[in-house]
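Trainee: Just passing along the structure, written as structure tokens.
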Amino acid sequence: MTKHVLSKSTFMYGCQCPKRLFLYKFKPSLRNPEDEGQQAIFAAGTNVGLLAQSLFPGGVDASPPDTFSYQKSVEKTRKLIEAGATVIYEAAFQFEEVLCALDILVRKKNKWYAFEVKGSVSVRPQYIQDASLQYHVITNSGLKLEDISIVYLNNQYERQGDLDIKQLFNTDSILGEVLEQQPFISDKIVELKVMLTLKKEPVMDIGPHCSDPYTCNFTNHCWKDFPTENNIFSLSRGPGWELYEEGFKHLDDIPQDYALSPKAAMQLNHYRTGEIFIDEKAIKGFLSEFQYPLYFFDFETIMPAVPEFDHSRPYQQLPFQFSLHIKRKPGAALEHYSFLGDGITDPREALIKEMIKLLGSKGSIIGWNASFEKTCIKKLILDFPKYEKQLSSINERWIDLMKPFQSRWYYHPDFKGSASIKNVLPVMVPDLSYEDLDIQEGGTASLVYAQLKDQDVATQAIQRNQLLEYCKLDTMAMVRILENLEELIRSK
Ligand code: SF4
């Protein structure tokens with residue numbers, strides 16, 4: 001059997017952007033380096049795929065011995081079908097040099113049913129497109145499909161005891177949509193094959209397709225001439241691609257009289273003048289809300305695709321860590337406390353108990369984007385109702401320190417339109433920085449925690465320390481930003 005020219009993945013690259021397919025085939029060295037986050041997402045998807053096989057137990061795996069031997073897999077699938085197999089995992093087919101592998105192929109009463117597994121909680125349009133390619137290849141290879149379905153995670157399923165695989169997954173038939181897509185699929189295959197035969201690089205400008213439906217992995221190459229700082233996309237609530245289509249890339253390119261939203265116009269104005277804006281009255285009003293003791297609090301969370309613990313659902317935000325700085329009265333020494341789960345067991349109940357003990361019953365609890373913490377606590381109340389009274393009372397005491405920055409009562413051009421603590425801190429407190437830390441943002445913290453149980457003891461100790469340091473800086477940053485804000489108003 002000849003080697004394939006297109007696979008399901010490369011077909012999808014071509015649908016997103018023909019240049020992505022061209023670069024993948026002929027200039028792979030231009031690809032962005034892979035990051036750990038992408039690898040973790042891929043690994044999570046593989047785990048979900050393996051779990052879904054239990055919906056149809058007893059199947060035979062037709063996976064190839066390596067990624068270069070898919071034609072062996074096609075041959076194995078053919079033989080398994082001929083030998084009367086009823087369930088085949090990773091069944092592979094090839095038609096006119098287009099290859100596809102299907103997660104699960106099932107024979108019932110001599111009719112064939114195709115199932116493609118996705119690690120998300122809904123059926124997205126791109127899933128219909130790649131299943132349509134599978135349908136095209138499988139049926140044209142001579143296997144009539146009675147139905148084709150997407151198997152995906154059910155975010156309403158709450159784990160209680162052992163995983164209930166049937167409840168964990170939803171299965172939706174998409175046969176109707178797939179049949180509608182067939183003419184498009186045939187035409188697209190021809191178009192992409194011609195492009196690959198001619199080996200002529202398609203002329204494609206950057207655009208929304210660079211991140212939709214997937215983030216392209218050639219952005220370092222295609223975006224290399226686009227300004228990394230102060231570009232049109234840095235305008236908060238700005239028109240984005242509309243500006244690009246009019247020929248603008250940098251903030252300096254935008255004409256003075258260009259109509260923008262009030263937030264974007266303010267940002268652009270301060271970028272041009274370099275001036276700081278302070279609404280003294282609004283900030284004074286905000287600062288008057290604070291009541292001692294002050295509790296500066298921050299959660300870190302993980303979102304496991306498959307619920308690991310009782311009373312949790314797919315992709316639920318599970319707090320595993322917090323940092324807390326306490327200032328009991330003006331001028332008092334700062335106290336610091338932290339909690340970090342063990343990386344193995346459910347951290348939530350121990351975390352709740354520690355929070356309740358440390359946060360007391362009065363005083364302001366200060367967060368950055370505090371609605372996130374409040375939402376996490378509401379979920380904790382649902383899952384651990386015996387703590388409802390104390391947790392509800394905690395949830396009434398929040399003050400969001402992001403508010404003066406988000407509302408632009410204080411705006412500095414170096415915030416670059418963002419109220420993220422990562423943008424505000426270097427301006428407000430230049431001597432405090434995330435740059436010296438091994439973990440510098442929440443996504444990495446989640447990843448490190450999720451992988452903690454697989455590390456050796458020495459690495460675990462190092463990484464636990466890194467997690468504690470990172471979360472501690474988040475709350476220390478709030479302490480210093482509030483101090484600076486108070487100082488700023490005092491000096492007026
Ligand atoms: S970065 Fe954008 S233009 Fe370049 S290959 Fe990817 S999708 Fe196409």
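Please treat every number below as a calculation from the coordinates, not as lab data. The structure displayed is predicted, hence computed values, not measured ones. Counting neighbours? That spans all protein chains shown, and the Cβs are built from the backbone with ideal geometry, glycine included.
Trainee: Report, in cubic angstrom per residue, the convex hull volume of the C-alpha atoms of the chain.
Mentor: 185 Å³
Trainee: Just to confirm the filter: which GluC sites (Glu not before Pro) across segment 252-307 are DSSP coil and have at most 13 other Cβ within 10 angstrom of their Cβ? Show your work: numbers first, answer last.
Mentor: Numbers: sites: GLU275, GLU280, GLU289, GLU300; in loops: GLU275, GLU289.
Within segment 252-307, the qualifying GluC sites (Glu not before Pro) (loop, at most 13 other Cβ atoms within 10 Å) are GLU275, GLU289.
Trainee: In debye to the nearest 20, how big a dipole does the chain give about its Cα centre with +1 on each Lys and Arg Cβ and -1 on each Asp and Glu Cβ?
Mentor: Values: 55 positive and 65 negative charges, 133 e Å.
Charge dipole of the chain: 640 debye, to the nearest 20.
Trainee: Under the 0.36 nm per residue contour assumption, what length would be gained going from the current alpha-carbon distance of SER63 and LYS362 to full extension? Mind showing how you got there, number by number?
Mentor: Numbers: separation 299, 0.36 × 299 = 107.64 nm, distance 5.96 nm.
Length gained between SER63 and LYS362: 101.7 nm.
Trainee: What are the principal axis extents of the Cα atoms in segment 281-490, in Å, biggest first?
Mentor: So the three principal-axis extents are 49, 39, 32 Å.
Trainee: In Å, the Kirkwood hydrodynamic radius of segment 230-269 over pairs of distinct alpha carbons?
Mentor: Values: mean 1/r = 0.1020 Å⁻¹.
For segment 230-269, the Kirkwood estimate is 9.8 Å.
Trainee: In whole Hz, what ³J(HN,Hα) sequence does segment 468-475 give by Karplus (6.51, -1.76, 1.60; θ = phi - 60°), x for Gly and Pro?
Mentor: So the Karplus estimates, Gly and Pro as x, are 4, 5, 5, 5, 4, 5, 4, 7 Hz.
Trainee: Of all alpha-carbon pairs in segment 81-233, indicate the percentage at a distance above 20 angstrom. Can you show the working numbers first?
Mentor: Values: 7214 of 11628 pairs.
The share of Cα pairs beyond 20 Å in segment 81-233 comes to 62 percent.
Trainee: Sticking with this one: Provide the per-residue ³J(HN,Hα) series for segment 286-301, in order, calculated from phi with Karplus coefficients 6.51, -1.76, 1.60 and θ = phi - 60°, each as a whole number of Hz, with x at glycine and proline positions.
Mentor: After applying 6.51 cos²θ - 1.76 cosθ + 1.60, I find 5, 5, 6, 6, 6, 10, 6, x, 9, 10, 8, 10, 8, 9, 10, 9 Hz.
Trainee: With N set to the number of residues, divide the alpha-carbon radius of gyration of segment 1-147 by 2.2 N^0.38 Å and report two decimals.
Mentor: Numbers: Rg = 15.7 Å, N = 147, 2.2 N^0.38 = 14.7 Å.
Its radius of gyration relative to the 2.2 N^0.38 Å reference: 1.07.
Trainee: What number, rounded to the nearest 500 deg cm²/dmol, is the helix-based mean residue ellipticity at 222 nm of the chain, given -39500 (n - 2.57) per DSSP H run of at least four residues and division by all its residues?
Mentor: On the way: 18 runs with 211 residues, N = 492.
Roughly -13000 deg cm²/dmol at 222 nm, from the helical runs in the chain.
Trainee: Hey, what's the Kirkwood Rh for segment 253-361 if you take every pair of different alpha carbons, in angstrom? Write down the numbers at each step before the final one.
Mentor: Numbers: mean 1/r = 0.0545 Å⁻¹.
It is 18.3 Å.
Trainee: Next question. Show me the GluC sites (Glu not before Pro) within segment 193-263 that DSSP assigns to loop and that have at most 14 other Cβ atoms within 10 Å of their Cβ. Can you show the working numbers first?
Mentor: Details: sites: GLU229, GLU242, GLU245, GLU246; in loops: GLU229, GLU246.
Here the sparse-neighbourhood loop sites are GLU229, GLU246.
Trainee: In segment 107-151, what trypsin sites (Lys or Arg not before Pro) fall in a loop by DSSP, with at most 10 other Cβ atoms inside 10 Å?
Mentor: Working: sites: ARG107, LYS108, LYS109, LYS111, LYS118, LYS144; in loops: LYS109, LYS144.
Counting only loop positions with at most 10 other Cβ atoms within 10 Å, the trypsin sites (Lys or Arg not before Pro) in segment 107-151 are LYS109, LYS144.
Trainee: Between segment 283-302 and segment 73-152, what is the separation of their alpha carbon centroids in Å?
Mentor: Distance between centres, Cα-based: 54 Å.
Trainee: With angles folded into 0 to 90 degrees, how steeply does helix 370-383 sit against the dominant principal axis of the chain? Use alpha carbons for both and round to 10.
Mentor: 60 degrees
Trainee: ³J(HN,Hα) across segment 67-82 via Karplus (A = 6.51, B = -1.76, C = 1.60, θ = phi - 60°), whole Hz, x for Gly/Pro?
Mentor: 6, 9, 10, 5, 5, 5, 5, 4, 5, 5, 4, 4, 5, 5, 4, 5
Trainee: Here's something else I'd like to know. Answer with one residue from LEU425, THR273, PRO319: the one whose Cα lies farthest towards the positive end of the charge dipole of the chain, charges on Cβ with Lys, Arg +1 and Asp, Glu -1.
Mentor: Working it through, the farthest residue towards the positive pole turns out to be PRO319.
Trainee: Given the C-alpha atoms of segment 45-130, compute the convex hull and give its volume per residue in Å³. Please list the in-between numbers first.
Mentor: Working: hull volume 10.3 nm³, N = 86.
Expressed per residue, the convex hull around the Cα atoms of segment 45-130 is 120 Å³.
Trainee: Could you work out the Rg to Rh ratio of segment 403-492, with Rh taken as the Kirkwood radius (inverse of the mean 1/r over all Cα pairs)? Write down the numbers at each step before the final one.
Mentor: Values: Rg = 16.0 Å, Rh = 14.7 Å.
Radius of gyration over Kirkwood radius for segment 403-492 works out to 1.09.
Trainee: Still on this structure: Which translational diffusion coefficient, to the nearest whole µm²/s, is obtained for segment 207-319 from the Stokes-Einstein equation, given a Kirkwood hydrodynamic radius over C-alpha pairs, 4 °C and 1.567 mPa s?
Mentor: On the way: Rh = 18.8 Å.
D = 69 µm²/s.
Trainee: Can you compute the equivalent ellipsoid semi-axes for segment 176-258, i.e. the square root of 5 times each eigenvalue of the Cα gyration tensor, sorted largest first and rounded to whole Å?
Mentor: Numbers: eigenvalues 223, 58, 27 Å².
Three semi-axes, in Å: 33, 17, 12.
Trainee: Ranking THR228, THR86, THR10, THR345 by Cβ neighbours within 10 Å, fewest first, what do you get? Numbers along the way, then the final one.
Mentor: Values: THR228 8, THR86 16, THR10 19, THR345 12.
The most exposed by this proxy come first: THR228, THR345, THR86, THR10.
Trainee: Relative to the first principal axis of the alpha-carbon coordinates of the chain, what is the inclination of helix 175-198, with its axis defined by its Cα atoms, in degrees from 0 to 90 and to the nearest 10?
Mentor: Approximately 80 degrees, to the nearest ten.
Trainee: Can you tell me what share of the DSSP beta bridges in segment 8-198 is antiparallel? A percent to the nearest 5 is fine. The partial results should precede the final answer.
Mentor: Values: 18 of 27 bridges.
Roughly 65 percent of the DSSP beta bridges within segment 8-198 come out antiparallel.
Trainee: If you don't mind, there's one more thing I want to ask. Non-local amide H neighbours of VAL60 (under 5 Å, H modeled in plane, Pro and chain starts lacking H): which ones?
Mentor: VAL87, ILE88, TYR89
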